Amino acid sequence: AASAPRPWRLFGAMCLLRLPRITQPLAKEEEEMAALTEQIEMEKSHYSDHEMRKLEEEEQLRRRKESTYDDDEAPGKTVIMAQDLEDKWEQKLLQFQAAPRVTDADKNNNRTSLNRKLDSNLMLLVKQKVGNQELWLLPQAEWQPGETLRGTAERAMAAFLGDHIQAKILGNAPYGIYKYKFPRAIRTADHLGAKVFFFKAFLQSSDLSQAELKEDYLWVTKDELGDYLKSEYLKKVNRFLLD
Amino acid sequence: PCRAQPKKKKKVDVKREQAQKDRMKKKIKKLEKAAPEMIPIEDFITPLKYSDSKRVRSLPPLSFEETERRVLLMKKWCLFKQKQDKAEKKAIQTLVEAQQEALKELRLESEELYQAAIRRDEGLFPFEREGPNYTPPLPGYDPPEGKCVDITKVYTQ
(Lines give C-alpha, C1' and ligand atoms only; values in the text may rest on other atoms or scores of the structure.)
Protein backbone atom coordinates (compact mmCIF):
# COMPACT_ATOMS: atom_id res chain seq x y z
CA ALA A 1 0.00 0.00 0.00
CA ALA A 2 1.37 3.34 -0.97
CA SER A 3 1.80 5.62 2.02
CA ALA A 4 0.48 9.13 1.61
CA PRO A 5 3.31 11.63 1.05
CA ARG A 6 4.18 12.98 4.45
CA PRO A 7 4.33 16.76 4.39
CA TRP A 8 6.51 17.01 7.48
CA ARG A 9 10.26 16.68 7.27
CA LEU A 10 11.74 14.81 10.21
CA PHE A 11 14.81 15.83 12.16
CA GLY A 12 16.51 14.16 15.10
CA ALA A 13 18.26 16.41 17.62
CA MET A 14 20.51 15.47 20.51
CA CYS A 15 20.56 17.25 23.83
CA LEU A 16 23.96 16.35 25.26
CA LEU A 17 24.19 16.98 29.01
CA ARG A 18 27.35 17.27 31.04
CA LEU A 19 26.28 16.23 34.52
CA PRO A 20 27.39 18.25 37.58
CA ARG A 21 30.77 17.48 39.13
CA ILE A 22 30.29 19.20 42.49
CA THR A 23 27.35 19.56 44.85
CA GLN A 24 25.11 22.59 44.71
CA PRO A 25 25.34 25.03 47.63
CA LEU A 26 22.87 24.29 50.43
CA ALA A 27 19.80 26.44 50.92
CA LYS A 28 19.50 28.38 54.17
CA GLU A 29 16.97 25.96 55.69
CA GLU A 30 19.14 23.01 54.70
CA GLU A 31 22.17 24.50 56.43
CA GLU A 32 20.23 25.27 59.60
CA MET A 33 18.75 21.78 59.65
CA ALA A 34 22.15 20.17 59.09
CA ALA A 35 23.57 22.13 62.05
CA LEU A 36 20.61 21.14 64.23
CA THR A 37 20.86 17.43 63.43
CA GLU A 38 24.59 17.48 64.17
CA GLN A 39 23.92 19.12 67.52
CA ILE A 40 21.21 16.63 68.46
CA GLU A 41 23.42 13.75 67.43
CA MET A 42 26.23 15.01 69.61
CA GLU A 43 23.90 15.46 72.55
CA LYS A 44 22.54 11.96 72.29
CA SER A 45 25.93 10.31 71.82
CA HIS A 46 28.34 8.84 74.35
CA TYR A 47 32.02 9.65 74.66
CA SER A 48 34.27 7.96 72.12
CA ASP A 49 37.61 6.29 72.94
CA HIS A 50 39.56 9.34 71.84
CA GLU A 51 37.48 11.66 74.01
CA MET A 52 37.82 9.35 77.03
CA ARG A 53 41.57 9.39 76.58
CA LYS A 54 41.55 13.17 76.35
CA LEU A 55 39.47 13.50 79.54
CA GLU A 56 41.73 11.14 81.46
CA GLU A 57 44.86 13.00 80.39
CA GLU A 58 43.33 16.33 81.41
CA GLU A 59 42.56 14.82 84.81
CA GLN A 60 46.14 13.63 85.15
CA LEU A 61 47.55 17.02 84.22
CA ARG A 62 45.28 18.76 86.70
CA ARG A 63 46.23 16.35 89.48
CA ARG A 64 49.91 16.82 88.72
CA LYS A 65 49.62 20.58 88.96
CA GLU A 66 47.67 20.51 92.22
CA SER A 67 49.79 17.96 94.05
CA THR A 68 53.34 19.20 93.63
CA TYR A 69 55.47 16.92 91.51
CA ASP A 70 53.62 13.70 92.01
CA ASP A 71 56.08 11.63 90.05
CA ASP A 72 54.71 8.12 90.09
CA GLU A 73 55.22 7.96 86.35
CA ALA A 74 58.80 8.23 85.13
CA PRO A 75 59.48 11.87 84.17
CA GLY A 76 61.77 11.02 81.26
CA LYS A 77 59.07 9.11 79.40
CA THR A 78 57.48 11.19 76.64
CA VAL A 79 53.84 10.39 76.22
CA ILE A 80 51.89 11.54 73.18
CA MET A 81 48.80 13.31 74.49
CA ALA A 82 45.50 13.20 72.71
CA GLN A 83 45.54 16.98 72.45
CA ASP A 84 48.87 16.83 70.57
CA LEU A 85 47.39 14.37 68.12
CA GLU A 86 44.46 16.70 67.50
CA ASP A 87 46.77 19.64 66.89
CA LYS A 88 48.81 17.57 64.46
CA TRP A 89 45.71 16.57 62.51
CA GLU A 90 44.52 20.18 62.43
CA GLN A 91 47.86 21.29 60.99
CA LYS A 92 47.75 18.62 58.32
CA LEU A 93 44.27 19.72 57.28
CA LEU A 94 45.32 23.36 56.98
CA GLN A 95 48.22 22.39 54.77
CA PHE A 96 45.96 20.67 52.23
CA GLN A 97 44.65 22.87 49.44
CA ALA A 98 41.60 21.55 47.62
CA ALA A 99 40.75 22.55 44.05
CA PRO A 100 38.53 25.64 43.91
CA ARG A 101 34.82 25.24 43.31
CA VAL A 102 34.65 28.37 41.18
CA THR A 103 37.01 27.75 38.27
CA ASP A 104 38.85 30.17 36.01
CA ALA A 105 36.38 29.55 33.22
CA ASP A 106 33.66 30.75 35.58
CA LYS A 107 35.47 34.00 36.22
CA ASN A 108 36.13 34.64 32.53
CA ASN A 109 32.65 33.46 31.56
CA ASN A 110 34.19 31.36 28.83
CA ARG A 111 31.12 29.59 27.54
CA THR A 112 32.96 27.21 25.25
CA SER A 113 34.74 25.48 28.10
CA LEU A 114 33.39 22.45 29.91
CA ASN A 115 34.96 23.52 33.18
CA ARG A 116 32.53 26.19 34.20
CA LYS A 117 29.44 25.88 36.39
CA LEU A 118 30.58 22.57 37.83
CA ASP A 119 27.48 22.32 39.98
CA SER A 120 24.86 22.36 37.19
CA ASN A 121 24.05 20.61 33.94
CA LEU A 122 25.66 21.97 30.77
CA MET A 123 24.08 21.52 27.34
CA LEU A 124 25.70 21.62 23.94
CA LEU A 125 24.47 24.29 21.50
CA VAL A 126 25.76 24.62 17.96
CA LYS A 127 25.23 27.19 15.28
CA GLN A 128 23.44 25.62 12.34
CA LYS A 129 22.11 26.84 9.06
CA VAL A 130 18.38 26.34 8.77
CA GLY A 131 16.80 27.58 5.56
CA ASN A 132 18.82 30.70 4.99
CA GLN A 133 19.36 31.65 8.64
CA GLU A 134 22.18 30.80 10.98
CA LEU A 135 20.63 29.82 14.30
CA TRP A 136 21.81 28.49 17.64
CA LEU A 137 20.23 25.06 18.06
CA LEU A 138 20.72 21.71 19.72
CA PRO A 139 22.68 19.67 17.18
CA GLN A 140 20.23 18.17 14.71
CA ALA A 141 20.31 16.19 11.49
CA GLU A 142 17.66 15.29 8.95
CA TRP A 143 16.18 11.83 9.15
CA GLN A 144 17.08 9.48 6.31
CA PRO A 145 14.95 6.45 5.49
CA GLY A 146 16.41 3.26 6.87
CA GLU A 147 17.48 4.55 10.28
CA THR A 148 15.62 5.10 13.52
CA LEU A 149 15.28 8.59 14.96
CA ARG A 150 17.76 7.72 17.68
CA GLY A 151 20.25 6.89 14.93
CA THR A 152 19.61 10.30 13.41
CA ALA A 153 20.32 11.97 16.73
CA GLU A 154 23.52 9.97 17.16
CA ARG A 155 24.60 10.95 13.67
CA ALA A 156 23.96 14.60 14.51
CA MET A 157 26.11 14.31 17.62
CA ALA A 158 28.90 12.56 15.74
CA ALA A 159 28.79 15.18 13.01
CA PHE A 160 29.58 17.94 15.49
CA LEU A 161 31.75 16.19 18.04
CA GLY A 162 33.44 13.40 16.11
CA ASP A 163 33.08 9.66 16.55
CA HIS A 164 35.03 9.28 19.78
CA ILE A 165 32.34 10.62 22.05
CA GLN A 166 31.23 8.47 24.97
CA ALA A 167 27.65 9.41 25.62
CA LYS A 168 24.92 7.41 27.28
CA ILE A 169 21.69 7.93 25.36
CA LEU A 170 18.70 7.57 27.63
CA GLY A 171 16.47 5.19 25.78
CA ASN A 172 14.99 4.84 22.32
CA ALA A 173 12.07 7.22 22.79
CA PRO A 174 12.19 10.96 22.06
CA TYR A 175 11.89 13.34 24.99
CA GLY A 176 10.24 16.27 23.26
CA ILE A 177 9.17 17.62 19.93
CA TYR A 178 9.30 20.97 18.19
CA LYS A 179 7.00 21.39 15.24
CA TYR A 180 7.14 24.35 12.90
CA LYS A 181 5.73 25.27 9.53
CA PHE A 182 7.97 26.67 6.84
CA PRO A 183 7.40 30.30 5.89
CA ARG A 184 4.89 30.65 3.06
CA ALA A 185 7.59 31.36 0.48
CA ILE A 186 9.02 27.83 0.54
CA ARG A 187 5.92 25.97 1.62
CA THR A 188 4.76 23.39 -0.88
CA ALA A 189 2.25 20.56 -0.71
CA ASP A 190 5.07 18.15 -0.03
CA HIS A 191 6.99 20.21 2.51
CA LEU A 192 4.63 21.82 4.95
CA GLY A 193 7.04 22.07 7.79
CA ALA A 194 9.41 20.16 9.98
CA LYS A 195 9.26 18.15 13.20
CA VAL A 196 12.35 18.04 15.37
CA PHE A 197 12.47 15.16 17.86
CA PHE A 198 14.76 15.65 20.84
CA PHE A 199 16.79 12.92 22.48
CA LYS A 200 18.75 13.19 25.72
CA ALA A 201 22.21 11.84 26.45
CA PHE A 202 24.70 12.08 29.30
CA LEU A 203 28.31 12.88 28.49
CA GLN A 204 30.54 10.16 29.95
CA SER A 205 34.05 11.20 28.95
CA SER A 206 35.24 14.28 30.78
CA ASP A 207 37.68 15.67 28.22
CA LEU A 208 36.86 16.47 24.64
CA SER A 209 40.37 17.19 23.38
CA GLN A 210 39.93 14.61 20.66
CA ALA A 211 36.67 16.08 19.48
CA GLU A 212 36.84 17.90 16.19
CA LEU A 213 34.53 20.82 16.75
CA LYS A 214 34.11 22.44 13.42
CA GLU A 215 31.47 25.08 13.90
CA ASP A 216 30.70 27.43 16.72
CA TYR A 217 29.61 25.64 19.82
CA LEU A 218 28.65 26.55 23.37
CA TRP A 219 28.08 24.76 26.62
CA VAL A 220 25.28 26.51 28.50
CA THR A 221 23.12 25.92 31.54
CA LYS A 222 19.33 25.85 31.47
CA ASP A 223 19.05 29.48 32.56
CA GLU A 224 21.40 30.68 29.87
CA LEU A 225 19.50 28.91 27.09
CA GLY A 226 17.21 31.92 26.86
CA ASP A 227 20.10 34.01 25.57
CA TYR A 228 20.49 31.91 22.47
CA LEU A 229 17.32 30.04 21.58
CA LYS A 230 14.16 31.42 20.03
CA SER A 231 11.15 31.62 22.35
CA GLU A 232 8.99 28.86 20.84
CA TYR A 233 11.92 26.48 20.54
CA LEU A 234 13.01 27.38 24.06
CA LYS A 235 9.57 26.64 25.47
CA LYS A 236 9.56 23.15 24.02
CA VAL A 237 13.13 22.44 25.10
CA ASN A 238 12.53 23.64 28.66
CA ARG A 239 9.76 21.10 29.09
CA PHE A 240 12.08 18.13 29.07
CA LEU A 241 14.98 19.66 30.96
CA LEU A 242 15.18 19.18 34.73
CA ASP A 243 16.99 21.91 36.54
CA PRO B 1 42.04 -75.25 53.28
CA CYS B 2 44.30 -72.61 51.69
CA ARG B 3 41.47 -71.36 49.57
CA ALA B 4 38.93 -70.86 52.38
CA GLN B 5 40.99 -68.46 54.51
CA PRO B 6 41.24 -65.44 52.13
CA LYS B 7 37.48 -65.64 51.60
CA LYS B 8 36.80 -65.19 55.31
CA LYS B 9 39.05 -62.15 55.44
CA LYS B 10 37.20 -60.51 52.63
CA LYS B 11 33.78 -61.05 54.21
CA VAL B 12 34.79 -59.73 57.60
CA ASP B 13 36.42 -56.66 56.02
CA VAL B 14 33.42 -55.92 53.88
CA LYS B 15 31.08 -56.20 56.88
CA ARG B 16 33.29 -54.00 59.02
CA GLU B 17 33.55 -51.36 56.31
CA GLN B 18 29.78 -51.42 55.80
CA ALA B 19 29.22 -50.95 59.54
CA GLN B 20 31.64 -48.01 59.60
CA LYS B 21 29.97 -46.35 56.64
CA ASP B 22 26.54 -46.70 58.25
CA ARG B 23 27.78 -45.17 61.49
CA MET B 24 29.25 -42.20 59.57
CA LYS B 25 26.04 -41.71 57.66
CA LYS B 26 24.00 -41.73 60.87
CA LYS B 27 26.29 -39.10 62.40
CA ILE B 28 26.00 -36.90 59.30
CA LYS B 29 22.20 -37.18 59.37
CA LYS B 30 22.11 -36.20 63.04
CA LEU B 31 24.25 -33.13 62.39
CA GLU B 32 22.14 -32.08 59.44
CA LYS B 33 18.90 -32.48 61.39
CA ALA B 34 20.12 -30.16 64.13
CA ALA B 35 18.95 -26.59 63.39
CA PRO B 36 21.65 -24.34 61.85
CA GLU B 37 23.16 -21.73 64.12
CA MET B 38 22.03 -18.18 63.49
CA ILE B 39 24.65 -15.77 62.20
CA PRO B 40 24.85 -12.90 64.72
CA ILE B 41 24.24 -9.45 63.27
CA GLU B 42 27.11 -7.44 64.65
CA ASP B 43 25.37 -4.09 64.24
CA PHE B 44 22.56 -4.99 66.64
CA ILE B 45 24.78 -6.11 69.51
CA THR B 46 26.30 -3.17 71.41
CA PRO B 47 29.68 -4.14 72.79
CA LEU B 48 29.76 -4.07 76.61
CA LYS B 49 32.37 -1.34 76.83
CA TYR B 50 29.90 1.25 75.54
CA SER B 51 27.33 0.68 78.26
CA ASP B 52 29.73 2.02 80.85
CA SER B 53 28.10 4.85 82.78
CA LYS B 54 31.30 6.95 82.72
CA ARG B 55 30.81 7.44 79.04
CA VAL B 56 27.60 9.42 79.33
CA ARG B 57 28.00 13.07 78.41
CA SER B 58 27.24 15.67 81.01
CA LEU B 59 25.57 18.61 79.30
CA PRO B 60 23.49 21.47 80.68
CA PRO B 61 19.75 21.06 80.09
CA LEU B 62 18.27 22.89 77.08
CA SER B 63 16.81 26.32 77.67
CA PHE B 64 13.27 27.22 76.75
CA GLU B 65 14.41 29.45 73.87
CA GLU B 66 16.48 26.65 72.45
CA THR B 67 13.59 24.18 72.42
CA GLU B 68 11.32 26.82 70.86
CA ARG B 69 13.90 27.53 68.17
CA ARG B 70 14.24 23.85 67.41
CA VAL B 71 10.51 23.29 67.11
CA LEU B 72 10.09 26.28 64.77
CA LEU B 73 13.02 25.12 62.67
CA MET B 74 11.48 21.66 62.31
CA LYS B 75 8.25 23.22 61.07
CA LYS B 76 10.08 25.39 58.55
CA TRP B 77 12.00 22.36 57.37
CA CYS B 78 8.77 20.42 56.94
CA LEU B 79 7.38 23.15 54.70
CA PHE B 80 10.61 23.44 52.72
CA LYS B 81 10.73 19.72 52.03
CA GLN B 82 7.06 19.65 51.03
CA LYS B 83 7.59 22.42 48.49
CA GLN B 84 10.69 20.69 47.15
CA ASP B 85 8.83 17.41 46.77
CA LYS B 86 5.89 19.04 45.00
CA ALA B 87 8.24 20.81 42.60
CA GLU B 88 10.05 17.57 41.80
CA LYS B 89 6.80 15.73 41.14
CA LYS B 90 5.57 18.54 38.91
CA ALA B 91 8.81 18.48 36.94
CA ILE B 92 8.51 14.73 36.41
CA GLN B 93 4.92 15.21 35.31
CA THR B 94 5.91 17.75 32.63
CA LEU B 95 8.68 15.44 31.49
CA VAL B 96 6.26 12.57 31.00
CA GLU B 97 3.74 14.80 29.24
CA ALA B 98 6.36 16.12 26.84
CA GLN B 99 7.45 12.61 26.00
CA GLN B 100 3.88 11.43 25.44
CA GLU B 101 3.27 14.35 23.09
CA ALA B 102 6.43 13.54 21.15
CA LEU B 103 5.43 9.90 20.81
CA LYS B 104 1.95 10.86 19.67
CA GLU B 105 3.35 13.08 16.93
CA LEU B 106 5.78 10.37 15.91
CA ARG B 107 2.96 7.88 15.60
CA LEU B 108 1.14 10.26 13.29
CA GLU B 109 4.21 10.36 11.15
CA SER B 110 5.24 6.76 10.81
CA GLU B 111 4.19 3.58 12.61
CA GLU B 112 7.53 1.90 12.01
CA LEU B 113 9.54 4.69 13.65
CA TYR B 114 7.08 4.71 16.54
CA GLN B 115 7.55 1.00 17.11
CA ALA B 116 11.32 1.45 17.03
CA ALA B 117 11.01 4.27 19.56
CA ILE B 118 8.94 2.40 22.13
CA ARG B 119 11.17 -0.65 22.05
CA ARG B 120 13.07 -1.28 25.30
CA ASP B 121 16.71 -0.16 25.34
CA GLU B 122 18.71 -3.12 26.64
CA GLY B 123 21.98 -1.28 26.99
CA LEU B 124 20.59 1.41 29.29
CA PHE B 125 20.55 -0.49 32.61
CA PRO B 126 22.55 -1.13 34.77
CA PHE B 127 23.56 2.50 34.73
CA GLU B 128 26.38 3.53 37.03
CA ARG B 129 27.67 6.99 37.77
CA GLU B 130 29.83 8.43 40.52
CA GLY B 131 28.07 11.15 42.43
CA PRO B 132 29.23 14.78 42.68
CA ASN B 133 31.77 15.68 45.39
CA TYR B 134 32.26 18.88 47.31
CA THR B 135 35.35 20.03 45.37
CA PRO B 136 36.41 19.10 41.83
CA PRO B 137 39.33 16.67 41.45
CA LEU B 138 42.74 18.29 41.97
CA PRO B 139 44.90 17.79 38.88
CA GLY B 140 48.22 16.11 39.69
CA TYR B 141 47.26 15.12 43.23
CA ASP B 142 49.33 12.28 44.69
CA PRO B 143 47.36 10.44 47.37
CA PRO B 144 49.42 9.23 50.38
CA GLU B 145 50.56 5.59 50.37
CA GLY B 146 48.84 3.14 52.64
CA LYS B 147 47.51 -0.38 52.92
CA CYS B 148 43.95 -1.34 53.78
CA VAL B 149 43.55 -4.46 55.89
CA ASP B 150 40.02 -5.86 55.93
CA ILE B 151 39.14 -7.28 59.36
CA THR B 152 35.45 -8.05 58.86
CA LYS B 153 34.42 -11.35 60.42
CA VAL B 154 32.86 -13.76 57.96
CA TYR B 155 30.44 -16.34 59.40
CA THR B 156 29.50 -19.57 57.66
CA GLN B 157 26.49 -21.65 58.57
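Filtering the range B:35-70 to residues that are surrounded by 10 or more Cβ atoms within 10 Å (Cβ to Cβ), at pLDDT 85 or above and farther than 17 Å from A:Ser45 by Cα leaves B:Glu66, B:Thr67, B:Glu68, B:Arg69, B:Arg70.
For B:Glu109, the criteria (1) within 32 Å of the chain's Cα centre (by Cα); (2) charged (D, E, K, R); (3) within 11 Å of chain A (Cβ to nearest Cβ) hold in every case but one, which is (1). Condition (residue is without any contact (Cβ under 8 Å) to a residue 24 or more places away in the chain and on the phi > 0 side of the Ramachandran plot) applied to the range B:121-143: is it met by at least one residue? Yes, the range B:121-143 contains a residue that is without any contact (Cβ under 8 Å) to a residue 24 or more places away in the chain and on the phi > 0 side of the Ramachandran plot.
One residue stands out among those in the range B:116-154 that are within 9 Å of another protein chain (Cβ to nearest Cβ) and either touching a helix residue (DSSP H, G or I) at 6+ places or on another chain (Cβ under 6 Å) or farther than 30 Å from A:Lys117 by Cβ (or both): the one that is surrounded by the most Cβ atoms within 10 Å (Cβ to Cβ), which is B:Ala117. In the range A:31-66, what residues are over 30 Å from B:Ser63 (Cβ atoms) and either among the basic types (Lys, Arg) or outside any helix (DSSP H, G or I) (or both)? Residues satisfying the conditions are A:Arg53, A:Arg63, A:Arg64, A:Lys65.
The rows are residues; the columns are (1) at the interface with chain A (Cβ under 10 Å from one of its Cβ atoms); (2) on the phi > 0 side of the Ramachandran plot; (3) not in a helix (DSSP H, G or I).
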| position | (1), (2), (3) |
| --- | --- |
| B:Pro61 | no, no, yes |
| B:Glu66 | yes, no, no |
| B:Lys75 | no, no, no |
| B:Ile92 | yes, no, no |
| B:Tyr114 | yes, no, no |
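Provide a single number: the residues in the range A:219-242 that are within 15 Å of the chain's Cα centre (by Cα) and either within 14 Å of chain B (Cβ to nearest Cβ) or of a type outside the set (D, E, K, R) (or both).
6
In this structure, A:Leu94 does not qualify as surrounded by fewer than 13 Cβ atoms within 10 Å (Cβ to Cβ), modelled with pLDDT of 90 or more, under 38 Å from the mean Cα position of the chain (by Cα) and not in a helix (DSSP H, G or I). The residues of the range A:117-137 that are among the charged types (D, E, K, R) and either under 15 Å from A:Leu225 (Cα atoms) or in contact with a strand residue (DSSP E or B) (Cβ under 6 Å, 6 or more places away or on another chain) (or both), listed by number, are A:Lys117, A:Asp119, A:Lys127, A:Glu134. Taking the numbered list (1) away from chain B (no Cβ under 14 Å); (2) small (Gly, Ala, Ser); (3) in contact with a Pro (Cβ under 6 Å, 6 or more places away or on another chain) in turn, A:Ala82 passes all entries but (3).
Say whether the condition of being touching a helix residue (DSSP H, G or I) at 6+ places or on another chain (Cβ under 8 Å), assigned to a loop (DSSP other than H, G, I, E, B) and facing another protein chain (nearest Cβ under 9 Å) is met by at least one residue in the range B:39-52.
No, the range B:39-52 has no match at all.
Looking only at the range A:77-91, decide whether some residue is of a type in the set (Phe, Trp, Tyr), in a helix (DSSP H, G or I) and not assigned by the TED database to the domain that holds A:Ser205. Within the range A:77-91, one or more residues are of a type in the set (Phe, Trp, Tyr), in a helix (DSSP H, G or I) and not assigned by the TED database to the domain that holds A:Ser205.
The values are calculated or read from the model by the stated rules, or taken from the named source; none is laboratory data. Since we're looking at a predicted model, the values are computed, not measured. Using ideal geometry, Cβ is built from the backbone for each residue, glycine included, and neighbour counts are taken over all protein chains shown.
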